[in-house]
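The values are calculated or read from the model by the stated rules, or taken from the named source; none is laboratory data. Not measured: the values here are computed from a predicted model. Using ideal geometry, Cβ is built from the backbone for each residue, glycine included, and neighbour counts are taken over all protein chains shown.
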Ligand SMILES: [Zn+2]
């Protein structure tokens, strides 16, 4: 009786171990079956977007023929001729060529003389993005102050600046307040972008620029613009926000502010 009881217990334990082993094996097989194509597709998609040559005239929007998938994306056919759908492996159809590159120049526009003062903007990526935007908006120059990195000493800036740092006039200064005082002496109107109680909306009709010489001041996201600069500013301006966040990424705020200032000088 006792032997039978031990045998029964051993059998149940063995049975459980086998069951657990088989279940794990199944999970492993399912995960590896699903995982492999998904990883392959992600890698292929990364490769596809990275290899689109901006100068290539052979970039087409492609679409997967499989109705359930219908994946549509741009592909540089000089790099990826004859590829199948990266998501489902289905056949791809060539839909339309991308639009030809076009340079949207500032033609017949009166650009104000705008300088950017960056008050302790630490992120090299944000600085790079600001430089790229500043070049597009046609700023006269930039003052990179305090903790703001110097593009010639921080190679991470070039990643998002895409060469703008070499085409723009900029200089690093240790003190943003002194820089603003100098600009004010030279007749520049100091405009700070900051959410403060006395600030006006950037879209406000009462916001008027007295001169076409403007120094636009942006601060770092945690500390904001130096209160001593706000004190001497001619205008403090905020960008209206919906949702829970009270501020935008500094490079996005810079783009909005720059183009809004410029648009105020267009007829
Ligand atoms: Zn597909």
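When you scan the range 201-212, do you find a residue that is surrounded by fewer than 14 Cβ atoms within 10 Å (Cβ to Cβ) and under 22 Å from the mean Cα position of the chain (by Cα), even just one? No, the range 201-212 contains no residue that is surrounded by fewer than 14 Cβ atoms within 10 Å (Cβ to Cβ) and under 22 Å from the mean Cα position of the chain (by Cα).
Is it the case that some residue within the range 94-107 is within 16 Å of the ligand (Cβ to nearest atom) and in contact (Cβ under 8 Å) with a residue 24 or more places away in the chain?
Our first condition is that a residue be within 16 Å of the ligand (Cβ to nearest atom); within the range 94-107, this holds for 94-95.
Filter once more, so that each one left must be in contact (Cβ under 8 Å) with a residue 24 or more places away in the chain: 94-95.
The answer is yes; a qualifying residue exists.
Return yes when residue 157 is farther than 23 Å from residue 260 by Cα, in contact with a helix residue (DSSP H, G or I) (Cβ under 8 Å, 6 or more places away or on another chain) and either at pLDDT below 95 or part of a loop (DSSP other than H, G, I, E, B) (or both) and no when it is not. Spell out the reasoning first.
Working: farther than 23 Å from residue 260 by Cα: yes; in contact with a helix residue (DSSP H, G or I) (Cβ under 8 Å, 6 or more places away or on another chain): yes; either at pLDDT below 95 or part of a loop (DSSP other than H, G, I, E, B) (or both): yes.
Yes.
Going through the range 244-255 one residue at a time, which ones are under 18 Å from the mean Cα position of the chain (by Cα) and surrounded by fewer than 16 Cβ atoms within 10 Å (Cβ to Cβ)? Of everything in the range 244-255, those that are under 18 Å from the mean Cα position of the chain (by Cα) and surrounded by fewer than 16 Cβ atoms within 10 Å (Cβ to Cβ) turn out to be 245, 249, 252.
Name every residue in the range 212-236 that is free of Cβ contacts under 8 Å to residues at least 60 places away in the same chain and over 16 Å from residue 115 (Cβ atoms), in order of residue number. Steps first, please.
As a first pass, look at the range 212-236 and keep what is free of Cβ contacts under 8 Å to residues at least 60 places away in the same chain: 221-222, 224, 227-228, 230-236.
Matches in the range 212-236: 221, 222, 224, 227, 228, 230, 231, 236.
Here residue 112 meets the list (1) modelled with pLDDT under 90; (2) in contact with a strand residue (DSSP E or B) (Cβ under 8 Å, 6 or more places away or on another chain); (3) away from the ligand (no atom under 16 Å from the Cβ) almost entirely, failing just condition (1).
Scanning the range 120-169 for residues that are crowded, with 19+ Cβ neighbours inside 10 Å, farther than 14 Å from residue 251 by Cβ and in contact with a strand residue (DSSP E or B) (Cβ under 6 Å, 6 or more places away or on another chain) yields a count of 2.
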